[in-house]
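The values are calculated or read from the model by the stated rules, or taken from the named source; none is laboratory data. Predicted model only: the values in this text are computed from it and were never measured. Positions of Cβ are backbone-derived with ideal geometry, glycine not excepted, and every protein chain shown enters the neighbour counts. The protein model used for the area step is the full one, side chains on, heavy atoms only, and it has no ligands, DNA or RNA in it. Shrake-Rupley method; radii C 1.70, N 1.55, O 1.52, S 1.80 Å.
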Amino acid sequence: TPRSHEEREQRYQAEHRITLNVIVTDTSGRPVKGLKQEDFTILDDGIPKDAMSFRPMEGSKGLAPPHVILMLDTVNNSPRGVAFERREVEKFLARSQKQLEYPTSIAVLSGLGATVGRQSRDRDALVREFQTLVNSFHRYGCQDEGISSLQQFAGSLYGNVGVHGLADDSLPGQKANCENQRFLLSVSSLHRLAMRQIDVPGRAILIWIGPGWPLLSNHEFKPDSPSLKQNFFAYLALLSTALREGQVTLDAVSSPELFRIEEDLSDHDIALINGVSSEEQVTAGSLALQVLAHQSGGQVLTAGKDLAKEIAQCVADADSYYLLSFDSAAATRPGEFHPLQVNVKKPGLTVRTNTAYYAQ
């Protein structure tokens, strides 16, 4: 039990201090430097908050520079897509300097979960490790995992979330079963990776290369039961918190066009992307890769011919940004949803950071 004022203050900060990595760009997408603390306004659920700390961040300077994780998703992709994205990652590394600006890890999501290599700035060493990981990854097939074994795997990470209800046991039902497995494997692997980042100093830029996992939203699935919604919401709060506390900015590269054009989204889609506040609103789509990326302040980039350029665009977020923090109020219930907004007084600027958090 904290006995002194200093101990109580440290405990409060550990439980209530929210740290934000804030990227500010101009109309051309270039980072804006030289802003002061008084230029920023933090709104927590619409209520202004005082910044408890403020620091401009420039590249790899400082005690804990940002680090990059390149995740090649082989589970939610076709062999042709994996081959193309593999070439683009190799192209990105080939275009890089021999000594990379930021410590970088190579990661592959396969049937065995996420395998993450050691950090390095050595481009040639990263190329060799990438080739080793990709050549030896466990190719994913639905026949590799039964529902019970995958449910046990997911349950060991975040409790028994259950399996999304399937309409029948027909061939379409088997396809839905496969989508269910890929969803559980992908989301639980992301959560485990985010949890590991909490103990790693500095910001992490996680670039997820692939279209993302299924949304479990087609007619082959039964409507979510109240207990499943409860589990979805509880896990969404856990995953969102792990990403925020690990200072993980999640970028979705090679995404479907659906998540790129905001003007074409419905009110329901916009509400989903900005975050859900209750168990009644939550669906498996609330845990979509692109939704989590947006809420972490990351970029959602559609599949293009020059994927290597898009990867470099995501890494460039580490070149210049601002580190802000504020103290949140105590929550009235577990997983209390708080929308976040950071504004800059100067006109014509775009701000990207966490769009919400779930207070405990």
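If you go through the range 36-55 and keep only what is surrounded by 13 or more Cβ atoms within 10 Å (Cβ to Cβ) and under 20 Å from Ser277 (Cα atoms), you end up with Ile42, Leu43, Asp44, Asp45.
Checked against the criterion of being modelled with pLDDT under 95 and assigned to a strand (DSSP E or B), the range 308-325 contains not a single residue that satisfies it. Going through the range 102-116 one residue at a time, which ones are open to solvent by less than 20 Å² (accessible area, probe 1.4 Å) and outside any strand (DSSP E or B)? Selection gives Gly111 alone. Residues that are within 22 Å of the chain's Cα centre (by Cα) and part of a helix (DSSP H, G or I) within the range 15-48 comprise Glu15, His16, listed in sequence order. Could you please let me know if Pro334 is surrounded by fewer than 20 Cβ atoms within 10 Å (Cβ to Cβ) and either over 28 Å from Val253 (Cβ atoms) or in contact with a Phe, Trp or Tyr (Cβ under 7 Å, 6 or more places away or on another chain) (or both)? In short, yes.
Considering only residues that are in contact with an Asp or Glu (Cβ under 7 Å, 6 or more places away or on another chain) and in a strand (DSSP E or B), which ones fall in the range 56-98? Within the range 56-98, Leu72 is the sole residue that qualifies.
Criterion applied to Ser78, Ser28 was being of a type in the set (S, T, N, Q), open to solvent by 60 Å² or more (accessible area, probe 1.4 Å) and at pLDDT below 95, and the one residue passing it is Ser28. Looking only at residues in the range 344-353 that are under 22 Å from the mean Cα position of the chain (by Cα) and not basic (Lys, Arg), the one that is most open to solvent (accessible area, probe 1.4 Å) is Thr350.
Inside the range 68-93, residues that are in contact (Cβ under 8 Å) with a residue 12 or more places away in the chain and out of contact with any Ser or Thr (no Cβ under 7 Å at 6 or more places or on another chain) make up a count of 13.
Within the range 206-246, the set of residues being of a type outside the set (A, V, I, L, M), open to solvent by 50 Å² or more (accessible area, probe 1.4 Å) and under 17 Å from Arg196 (Cβ atoms) comprises Glu245 only. Among the residues of the range 187-216, just one is more than 19 Å from Gly297 (Cα to Cα) and in contact with a Ser or Thr (Cβ under 7 Å, 6 or more places away or on another chain), namely Trp213. From the set of residues in the range 279-313 that are of a type in the set (Ser, Thr, Tyr) and in contact with a Lys or Arg (Cβ under 9 Å, 6 or more places away or on another chain), which is least open to solvent (accessible area, probe 1.4 Å)? Result: Ser296. Looking at the range 321-328, can you tell me whether even one residue there is of a type outside the set (Phe, Trp, Tyr) and within 30 Å of Glu280 (Cα to Cα)? Yes, because at least one residue in the range 321-328 is of a type outside the set (Phe, Trp, Tyr) and within 30 Å of Glu280 (Cα to Cα). Might you let me know whether the range 293-304 holds any residue that is modelled with pLDDT under 95, in contact with a Ser or Thr (Cβ under 7 Å, 6 or more places away or on another chain), in a loop (DSSP other than H, G, I, E, B) and small (Gly, Ala, Ser)? There is at least one residue in the range 293-304 that is modelled with pLDDT under 95, in contact with a Ser or Thr (Cβ under 7 Å, 6 or more places away or on another chain), in a loop (DSSP other than H, G, I, E, B) and small (Gly, Ala, Ser). Of the residues examined, Thr74 is not one that is over 23 Å from Arg128 (Cβ atoms) and hydroxyl-bearing (Ser, Thr, Tyr). When the range 314-329 is filtered for residues that are surrounded by fewer than 18 Cβ atoms within 10 Å (Cβ to Cβ) and out of contact with any His (no Cβ under 7 Å at 6 or more places or on another chain), the ones remaining, listed by number, are Ala316, Asp319, Leu323, Ser325, Ala329.
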